[in-house]
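Nothing in this text is a laboratory measurement; each read-out follows from the coordinates by a stated rule. Note that the structure is a prediction, hence the values are computed from the model and not measured. So basically every Cβ, Gly included, is an ideal-geometry build from the backbone, and we count neighbours across all protein chains shown.
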Amino acid sequence: MVPYRYRPHPVSQKALAYYALIWGVDSLSVRSVESGEIIRFSYRVLDAKKAIALNDKKNEPSLIDPRAGVKLVVPSLEKVGKLRQSSTPETGKAYWMAFSNKGMYVKPGHRVNVVIGNFRADGLVVQ
């Protein structure tokens, strides 16, 4: 018998329904990119009015990894600015933001929480 690896379910169906109903977003994903030094959070907008809080420049996003004990922030580059999209959200479009993972504390398989103002997505699995 070949052993199988446990693969955690990315997000529960109830959580997906909650994000769609309350925040107007779905397709939440967290991925390790650029050799692990950047963690990218992306989502698709279902209802632009409800999702406006996620793109608001006043709301500073953070990515919290309880396992690693770190809180990542969106870096600001001199010529580019913040590594996030902050335009007015449009229904049907996908948006993203990048968190600096200097030191590579957050790794694929970790469960993380994304906080943007009052929005909070808990237990997202880093891919």
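Overview of results
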item: Estimated FRET transfer efficiency (residue 47, residue 102; beta-carbon r; R0 30 Å; 0.05); result: 0.30
item: Nonlocal amide H pairs with residue 91, under 5 Å, H built at 1.01 Å; result: 48
item: Positive-end residue of 117, 94, 66, charge dipole of the chain with Cβ unit charges; result: 66
item: Environment charge of residue 54, counting only residues whose C-beta is closer than 13 Å and scoring Lys/Arg +1, Asp/Glu -1; result: +3
item: Average projection area in nm² (convex hull over Cα atoms of the chain, one quarter of hull surface); result: 9.2 nm²
item: Point-charge dipole on Cβ atoms (K/R +1, D/E -1) for the chain, about Cα centre, debye to 20; result: 140 debye
item: The chain, helix-only ellipticity at 222 nm - DSSP H runs n ≥ 4, -39,500 (n - 2.57), divided by all residues, nearest 500; result: -3000 deg cm²/dmol
